[in-house]
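A quick write-up on the structure given underneath.
The values are calculated or read from the model by the stated rules, or taken from the named source; none is laboratory data. Nothing here was measured: the structure is a model prediction, and the numbers come from that model. Don't worry about glycine lacking a Cβ; one is built from the backbone with ideal geometry, like all the others, and counts go over all protein chains shown.
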Amino acid sequence: MGLFFLDYGAGNVQSLANSLKKLGYDFQWITSPDDFHKATSLIFPGVGAFESAIVALESRGLLDPLREYIKSGKPYFGICIGMQVLFEASTESPKVKGLGIIPCVIDLFDNSDKAVPHIGWNSVDLLDSADKSDEGLDSSSDYYFVHSYRAPYDPDNNPATAEWAHSVTQYGQEVFIASVRKGNVFGAQFHPEKSGEAGLKIIAAWLGESEALRSNAPPTPRVSRPPRSKDGLTKRIVACMDVRSNDAGDLVVTKGDQYDVREKTPSAPGKTEIGGAVRNLGKPVALAAKYYAAGADELCLMNITSFRHSPLRDQPMLAVVRAAAEEVFVPLTIGGGIKDTTDPDGTRRSALDVASLYFRAGADKVSIASEAVYAVERMLKNGGPDGTSAIETIAHAYGRQAVVVSIDPRRVYVDPNYDGPHKDELILGKGDEEGKAWWYQCTTSGGRENRDLSVVQLAKGVEKLGAGELVLNSIDRDGTGKGFDIDLIQLVRRNVRIPMIASSGAGTAAHFVEVFHKTGVEAALAAGIFHRGEVGIDEIKNAVSVAGLNARR
Ligand code: 1PR
């Protein structure tokens, strides 16, 4: 079978390649217009921005051959942007046009009642169709979505588009098209390659379906599907691995207390290192595979190693990402060192180049910490964004959903009558902390440097620059097991509309329920309790479900 992949040069196509490898299929890349003639099946796994995809296809002379291929009746499977390009256009990029095969314009989610982008695991409702093909989709499974723009499902006003709808999903009070299917065309807004075993089943079903079975059954009239009181988006449980080289030079997963990753006693008598040896909690790839099997909804690998000065020197970390991406089929975020760098041979690499290396290795999102602080400081000084920051350049190429900002704030205790510049963000302690007052200061370099920027200034600033999501750490709570810093998380939640991952301090399953109930964050992350085997991911999901919240099934 001539199975081909269309890669327009942006987006993480590696994940899908890994899925096919796992399922035992070989494929080739479309590199020139002629390849479309050789293809008997085509998958277009687009991730990122609509305009980047269309412009890249056009500049490589691939847009018209793609349209011809689809019209020829040969099997096509578009994922995310690979589905969206089938539409007329997207309000994301008014200057470019889509293929115009589906008569509808893709539009932005409304963020007045929910965080946008829509990131996470959501359920789908399969619609009845004349040919009865479910394409391996299952209404009792959840699938991974990551997008800000969607095709509305509106059979009353746009029946021609609704005819294409194969399944729908609800986010907030909006019902949108989750998959399309007609004749030789199948498309999914979600990412089967990142949707665990349920997603692999879809890919396997599509690859296994013979061409003869791709019927041209008459379109089925669609009925409206009014929004239900609650959508199916699940609260994500994220496992984070801080990775660095230990004193023997091996990359290990480590974990600090308030960001100090060394044992409290020296590694050997007479050793002169400050503190003891770097804590070694296991091998990154083995732990990633373990957390995937245990049901983690998402994984983070934070590169906190000391040699992340250049991508060339970062080959061991890239190898870790590559190997982890072959084992896990849920989203993988890579952080640490996403900035402009210079290789030892003098080659300059932009933050976008560095991020691209990670995306190519299998990362789905990159996480930026120190550079995000500097970018917001620059923006505040210059009075606006200038388009050059890592956040802006990476979001432009890969879409804002691929850019996470990791925030490392620390409490600054002040007099309760404090009247300084951060007085509007002052927290007055309650309970055990009665009588104390503090604000949250941003830091860089893993908490080593304090900056004159508050957590609210940073969060609002990176949202403006185009970040798609926040990981909100707390240096004070990190590794303590005392629970998430609810005051901090509520403060930031009130000030931004992008999704947030609460981090630092988880000690029990009840802490997850507390943070979801009290702050409404979309996801919560832990490290130490997982590495030490103290709390299971299933135990947390169970507690979340019992508390009446959605957890991935
Ligand atoms: O500044 O863009 O190069 O990114 C560096 C990244 O590395 C930042 O995201 C920063 O948070 C992280 N980092 C740097 N130094 C450390 C360290 O520990 N010495 N790790 C570090 C931060 C915090 C979380 C941790 C949670 C949950 N680790 O990642 O996983 O606090 O822990 P817990 O559940 O055990 O409480 P740049």
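When you go through Asp7, Asp64 one by one, which is the residue that is at pLDDT 95 or above and at negative phi?
Numbers: Asp7 fails: at pLDDT 95 or above.
Unique residue meeting the criteria: Asp64.
Does segment 518-528 contain at least one residue that is more than 22 Å from the chain's Cα centre (by Cα) and farther than 24 Å from Asn303 by Cα? Quick ask: steps written out before the conclusion?
Restricting attention to segment 518-528, the residues satisfying the condition of being more than 22 Å from the chain's Cα centre (by Cα) are 518.
Now narrow it down to the ones that are farther than 24 Å from Asn303 by Cα: 518.
Checked segment 518-528: at least one residue is more than 22 Å from the chain's Cα centre (by Cα) and farther than 24 Å from Asn303 by Cα.
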Task: In segment 448-478, the residues that are surrounded by 20 or more Cβ atoms within 10 Å (Cβ to Cβ), within 15 Å of the ligand (Cβ to nearest atom) and over 27 Å from Gly399 (Cβ atoms) - done: Ser474, Ile475, Arg477, Asp478
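Being over 13 Å from Phe109 (Cα atoms), in the same structural domain as Glu209 (by TED's automatic domain parsing) and touching a residue at least 24 places away in the same chain (Cβ under 8 Å) narrows it down to one residue among Val175, Val146, Val185; which is it? Please lay out each step first, then the result.
Working: Val175 fails: over 13 Å from Phe109 (Cα atoms); Val146 fails: over 13 Å from Phe109 (Cα atoms).
Only one candidate passes the filter, namely Val185.
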TODO: Of the numbered conditions (1) away from the ligand (no atom under 14 Å from the Cβ); (2) in contact with a helix residue (DSSP H, G or I) (Cβ under 8 Å, 6 or more places away or on another chain); (3) closer than 24 Å to Pro192 by Cα, Asp297 fails exactly one; give the number of that condition.
DONE: (2)
TODO: Could you run through segment 390-410 and say how many residues are under 22 Å from Asn473 (Cα atoms) and of a type in the set (S, T, N, Q)?
DONE: 2
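With β-branched (Val, Ile, Thr) and either outside the structural domain of Lys182 (by TED's automatic domain parsing) or over 26 Å from Gly199 (Cα atoms) (or both) as the only criterion, which of Val105, Val13, Val47 stands out? Break it down stepwise before answering.
Values: Val13 fails: either outside the structural domain of Lys182 (by TED's automatic domain parsing) or over 26 Å from Gly199 (Cα atoms) (or both); Val47 fails: either outside the structural domain of Lys182 (by TED's automatic domain parsing) or over 26 Å from Gly199 (Cα atoms) (or both).
Residue meeting the stated conditions: Val105.
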Open item on the list: Given the criterion more than 27 Å from Asp107 (Cα to Cα) and surrounded by 20 or more Cβ atoms within 10 Å (Cβ to Cβ), identify the matching residue among Ser19, Ser32.
Closed with: Ser19
- [ ] From (1) modelled with pLDDT under 95; (2) over 27 Å from the mean Cα position of the chain (by Cα), pick out the condition that doesn't hold for Thr254.
- [x] (2)
Task: Of residues in segment 502-526 being more than 10 Å from the ligand (Cβ to nearest atom) and among the aliphatic types (A, V, I, L, M), the one surrounded by the fewest Cβ atoms within 10 Å (Cβ to Cβ) - done: Ala510
Task: Residue list for segment 501-524, filter: outside any helix (DSSP H, G or I) and closer than 15 Å to Ala543 by Cα - done: Ala506, Gly507, Thr508, Ala523, Ala524
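Is it fair to say Tyr398 is within 14 Å of the ligand (Cβ to nearest atom) and modelled with pLDDT under 95? Outline the logic, then answer.
Details: within 14 Å of the ligand (Cβ to nearest atom): no; modelled with pLDDT under 95: yes.
Judged against the criteria, Tyr398 is not a match.
Considering only segment 275-377, give the strands (runs of 3 or more DSSP E) lying wholly within it that have at least 1 residues that are in the same structural domain as Ile203 (by TED's automatic domain parsing) and either among the aromatic types (Phe, Trp, Tyr) or without any contact (Cβ under 8 Å) to a residue 60 or more places away in the chain (or both). Give the derivation first.
Values: elements: 298-303, 332-335, 365-368.
It comes to none.
If you check Arg378 against the conditions, is it within 16 Å of the ligand (Cβ to nearest atom) and surrounded by fewer than 18 Cβ atoms within 10 Å (Cβ to Cβ)? Quick ask: steps written out before the conclusion?
On the way: within 16 Å of the ligand (Cβ to nearest atom): yes; surrounded by fewer than 18 Cβ atoms within 10 Å (Cβ to Cβ): yes.
In short, yes.
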TODO: Among residues belonging to segment 358-375 that are modelled with pLDDT under 95 and buried (at least 20 other Cβ atoms within 10 Å of the Cβ), point out the one that is nearest to Asp452 (Cα to Cα).
DONE: Lys365
TODO: Only one of these is out of contact with any Lys or Arg (no Cβ under 8 Å at 6 or more places or on another chain) and not assigned by TED's automatic domain parsing to the domain that holds Pro117: Glu463, Glu539. Name it.
DONE: Glu539
TODO: Please work out which one of (1) part of a helix (DSSP H, G or I); (2) within 14 Å of the ligand (Cβ to nearest atom) is the condition Ala543 fails and give its number.
DONE: (2)
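Considering Ser140, Ser133, Ser229, Ser224, which residue is assigned by TED's automatic domain parsing to the domain that holds Gly48, assigned to a loop (DSSP other than H, G, I, E, B) and over 23 Å from Leu42 (Cα atoms)? Break it down into steps so the answer makes sense when it comes.
Details: Ser133 fails: over 23 Å from Leu42 (Cα atoms); Ser229 fails: assigned by TED's automatic domain parsing to the domain that holds Gly48; Ser224 fails: assigned by TED's automatic domain parsing to the domain that holds Gly48.
None of the other options fit; the residue is Ser140.
Can you tell me which residue is surrounded by the fewest Cβ atoms within 10 Å (Cβ to Cβ) among those in segment 479-495 that are among the β-branched types (Val, Ile, Thr) and under 18 Å from Ile427 (Cα atoms)? First the steps, then the outcome.
As a first pass, look at segment 479-495 and keep what is among the β-branched types (Val, Ile, Thr): 480, 486, 489, 492.
Remaining after also requiring under 18 Å from Ile427 (Cα atoms): 486, 489, 492.
On the way: Ile486: 16, Ile489: 24, Val492: 23.
Looking at residues that are among the β-branched types (Val, Ile, Thr) and under 18 Å from Ile427 (Cα atoms), I get Ile486.
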Task: Cross-chain or 6+ apart pairs with Cβ under 7 Å, segment 462-485 first and at positive phi, then of a type in the set (Asp, Glu) and buried (at least 20 other Cβ atoms within 10 Å of the Cβ) - done: Gly466/Glu392
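When you scan segment 14-87 for helices (runs of 4 or more DSSP H) that lie fully inside it, which ones turn up with 2 or more residues that are among the charged types (D, E, K, R)? So that I can check it myself, show each step before the final result.
Numbers: elements: 14-23, 35-38, 50-59, 63-71, 81-84.
So the answer is 14-23, 35-38, 50-59, 63-71.
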